[in-house]
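Reading through the structure tokens given below for one structure.
The values are calculated or read from the model by the stated rules, or taken from the named source; none is laboratory data. Just so it is clear, the model here is predicted, and its values are computed rather than measured. Quick reminder, even Gly has a Cβ in these numbers, built from the backbone with ideal geometry, and neighbours come from all protein chains shown.
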Amino acid sequence: MNNQEIRHAFNAVPVREFLKDLVSTEEFLSATKRSVTDKRMFARECALRFLAFFLVEWREYKNNDLGGFLNATMKKINELDGDQPAELKSIFQNSVIASRRVLGDDAFRKRYHEGAPRSPISKVLFETWSVALAKLEKRISIIWLIVAV
């Protein structure tokens, strides 16, 4: 078993269903060009990494233990209540839509020159781009609220 499969086995149902729901959305499937298989929970790990670094500021990630960080995030997601899961899902969907719009067919992929073949989705690029665009969108929304007042 890989690390995400182990995390999946040791955590309660709500977070497992939530991650499955996120990677089943048309927004995620479209942004990744349906190329991310969830057979070994690769897609769910991408969604979890997004949530981990969206919920916790990257500057607070200091212990260099990604596995522990992702485990803690799964526990945190299981403790969400009310509208929080729906809000996080919306943020996730908007971030992958933005990634697709900005990066096109190369969203979340390493590509060193235009003629190079498309490489597989990179988890690191997924978390970096999706979180950066989600946080940028949040800041833009705040600016629009300020301007509107």
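A few comments on the model shown:
- Against the conditions (1) acidic (Asp, Glu); (2) assigned to a helix (DSSP H, G or I); (3) under 23 Å from residue 108 (Cα atoms), residue 17 satisfies every one except (3).
- Verdict on residue 95 being closer than 14 Å to residue 128 by Cα, at pLDDT 90 or above and out of contact with any strand residue (DSSP E or B) (no Cβ under 7 Å at 6 or more places or on another chain): yes
- Cβ-Cβ under 8 Å pairs, at least 6 apart or on other chains, the range 122-134 side of a type in the set (Val, Ile, Thr), far side at pLDDT below 90: 131/58
- Which numbered condition residue 90 misses (of (1) surrounded by fewer than 14 Cβ atoms within 10 Å (Cβ to Cβ); (2) within 19 Å of residue 3 (Cβ to Cβ); (3) among the hydroxyl-bearing types (Ser, Thr, Tyr)): (2)
- Filter result for the condition that a residue is more than 12 Å from the chain's Cα centre (by Cα), at pLDDT 90 or above and either assigned to a loop (DSSP other than H, G, I, E, B) or not small (Gly, Ala, Ser) (or both), over 82, 115: 82
- In the range 30-65, the residue that is surrounded by the most Cβ atoms within 10 Å (Cβ to Cβ) out of those that are at pLDDT below 90 and part of a helix (DSSP H, G or I) is 58.
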